[in-house]
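The values are calculated or read from the model by the stated rules, or taken from the named source; none is laboratory data. None of these values were measured; they are calculated from a predicted model. Cβ atoms come from the backbone with ideal geometry, glycine included; neighbour counts cover every protein chain shown. In case anyone asks, the SASA skips ligands and DNA or RNA and just uses the protein heavy atoms, side chains included. Shrake-Rupley method; radii C 1.70, N 1.55, O 1.52, S 1.80 Å.
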Protein chains: 2
Amino acid sequence: MISKNKARYIISLQKKKVRDEEQLFVIEGDKLVKEFLIARIPVKNLIAKPEFLSTLSPEMTRLVNETEEVTYEELKQISTLKTPHNALAVIPVNRPDLDIENLFGELTVALDFVQDPGNLGTIIRAAAWFGIRNIVCSTDCVDLYNPKVIQSSMGAFLHVNVFYYDLRKLLTAACENKIPVFGTLLEGQSIYNHKLDNKGIILLGNESKGISEELVPYVTEKIKIPGFSKTKPGIDSLNVSMAASIVFSEFLRKSSPIPE
Amino acid sequence: MISKNKARYIISLQKKKVRDEEQLFVIEGDKLVKEFLIARIPVKNLIAKPEFLSTLSPEMTRLVNETEEVTYEELKQISTLKTPHNALAVIPVNRPDLDIENLFGELTVALDFVQDPGNLGTIIRAAAWFGIRNIVCSTDCVDLYNPKVIQSSMGAFLHVNVFYYDLRKLLTAACENKIPVFGTLLEGQSIYNHKLDNKGIILLGNESKGISEELVPYVTEKIKIPGFSKTKPGIDSLNVSMAASIVFSEFLRKSSPIPE
């Protein structure tokens, strides 16, 4: 049985302001909650139906501060999902420290003003698939702990570091360290013909505006995904998360040994 | 001023059952509505704010049956969007006839039980970008005229034919015509190493179940997008629309002249 106060407090974490103040966020779904428990991430509140709780080993719940058994109806009250799963957890924020030079030995993604939570989640997922470990978001990107970001990134959330940082500073440092900055721009060269490295920054821009004007000068390698349609395709550009998937695929294919 | 009856009737078109009965669907947004008008698609009702209507030429509104000027508040009542744009239109369904053999001279996408409207819309968008003109959906896929499909496909909707058809029949015909069927399967060969043609069927499966068991025997070329992560990526697979984007990119890159 969940108290009214606690229900209100969990719902309040849907707001970024409250998450920032409390330094807490919420995850939902049997699979995701289980992955956090298996990865031994400290959990402040675990709120779940008995059938979920009964599947957990003592080892998995060692870092759970408080557990509460609830009914489906109670879960529905505090969930952001239309049809909630069996479990929800409140997690303390634990952001890794950003050590810029660490990023420069491999491929790192920089996102400029990505607004849509589904896009950020999908990009995290694609990065995880292609073994990209770090994403640096401009400080005006959508919040990583937005429930829709977490939902669409699935478990990838746990395997990719996402930082928020001033991209001008990041790109200045890249420039000083002679690290290439690959940016998707309309006037770029076809990604299929361009030499792609296994280190550098892949800079992707906002959903409708692309890379912001003030960041364009930092781009050392202008690339694009050319359209193959012989007629008007009816769209000006690919969605940023589709573009990210294709760009990551091209980079890894060209610069890494291809797995079986 | 829109009557209560008409508002109710437009809202009712959010339901597939009503769309099927009435053979009508709704599009929203200045850009999309304008593209339909420019493409001379017959429009049953054009419902828009005066500032939108004043930008239309007589040529563009020739095939509009009925035009209604509304306020933002009225538009908000009938819209599926939280923050509606300036225009909405009701369009008579006009499905192209499916001529199977026509599909076999080029790359065609077949979607098996794709359920999420955002995924179908994104796949239509990716197909348009890569010049793929035809998508055949299994009859249990999400409805093309679902507002979220239309919203996420953007203008690509007008440039790709989407059919609903029994995929067993389609794939049997492909087999009889010696047309390759490329299917994404866990045991497939890396798409980066596999020979990809400029004709054939690209078969993509359901979001969580993949290609259904009964269709697997029709797959003549088993392919997959290998993960490049050296550690567990936290996900079992890519989302179907990300996978589609990458697969289309690989097919076109390998089988077509690369545009500038």
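Distance from the alpha carbon centroid of region B:154-182 to that of region B:65-140 works out to 16 angstrom. Annotation for B:S190, label-to-label distances across the other copies: 2.3 nm (shortest first, one decimal, point 7 Å from Cα along Cα→Cβ). Normalised by the number of residues in region A:88-213, the average gap of Cα pairs under 8 Å and 6 or more apart makes the relative contact order 33 percent. For the protein assembly as shown, DSSP calls about 30 percent of its internal beta bridges antiparallel. Legend: mean number of C-beta atoms from other chains within 10 angstrom of residue C-beta atoms, peptide B:153-160, equals 4.
Round to a whole number: what % of the accessible area of the protein assembly as shown belongs to carbon and sulfur, probe 1.4 Å?
After summing per-atom areas, the C and S share lands at 51 percent.
Interface A-B: total buried accessible area of about 3800 Å², 1.4 Å probe, protein heavy atoms only.
Its relative contact order, with pairs defined as Cα atoms under 8 Å and 6+ residues apart, puts chain A at 18 percent. Sorted from shortest to longest, the distances between the A:T220 label points of this copy and the other copies are 4.7 nm, with each point 7 Å from Cα along the line through the beta carbon. No disulfide-compatible partner, judged by a Cβ distance under 4.7 Å, exists for the following cysteines of chain B: B:C175. Rounded to the nearest 20, the Cβ-based charge dipole of region A:133-260 about its Cα centre (Lys and Arg +1, Asp and Glu -1) stands at 340 debye.
Inter-copy label distances for A:D166: 6.6 nm (label point placed 7 Å from Cα along Cα→Cβ; shortest first). Of all chain A C-beta atoms, the nearest to the rotation axis linking A with B is recorded, alongside its rounded Å distance, as A:S245, 2. DSSP finds beta bridges in region B:46-155, and of those with both partners inside it, around 35 percent are antiparallel. Ranking B:L167, B:I135, B:F113 by Cα position along the charge dipole of region B:105-230, where only Lys, Arg, Asp and Glu carry charges on their C-beta atoms, puts B:I135 farthest toward the positive end.
Look at the Cα gyration tensor of region B:192-247: its axes a ≥ b ≥ c give a/c of at least 1.5 with a/b at or below b/c, and that counts as oblate. Placing a label point 7 Å from the Cα of A:T67 along the Cα-to-Cβ line, the residues of region A:20-46 whose backbone N sits under 19 Å from it are A:27-46.
Shown here are the Rg and Dmax of the Cα trace of region B:61-125, at 17.7, 49 Å. Taken residue by residue and averaged, Cβ atoms of other chains lying within 10 Å of the Cβ of A:220-231 number 5.
Taking amide hydrogens as placed 1.01 Å from N in the peptide plane, the amide H of B:S212 sits under 5 Å from those of B:N206, each at least 5 positions away in sequence or on another chain. Per residue, the convex hull around the alpha carbon atoms of chain A comes to 157 Å³. Sequence-distant contacts, meaning Cα pairs under 8 Å at least 6 residues apart, place the relative contact order of region B:27-90 at 50 percent. Charge dipole of the protein assembly as shown (Cα centre as origin; +1 on each Lys and Arg Cβ, -1 on each Asp and Glu Cβ, all else neutral): 100 debye, rounded to the nearest 20.
When the P(r) is computed for the protein assembly as shown, the part past 31 Å accounts for 52% of the Cα-Cα pairs.
The phi-based Karplus calculation (6.51 cos²θ - 1.76 cosθ + 1.60; θ = phi - 60°) puts the 3J(HN,Hα) values of region B:186-203 at 3, 8, x, 8, 3, 4, 6, 9, 7, 6, 10, 8, 9, 9, x, 9, 9, 9 Hz, whole numbers, x for Gly and Pro. Placing +1 on the Cβ of every Lys and Arg and -1 on the Cβ of every Asp and Glu, with no other charges, gives region B:87-160 a dipole of roughly 340 debye about its Cα centre.
Which value at 222 nm does the protein assembly as shown reach when only helices count, each DSSP H run of 4 or more adding -39,500 (n - 2.57), with the total divided by all residues and rounded to the nearest 500 deg cm²/dmol?
So the helix-based figure for the protein assembly as shown works out to -9000 deg cm²/dmol.
Of all beta bridges that DSSP places with both ends in region B:150-260, some 10 percent have antiparallel geometry.
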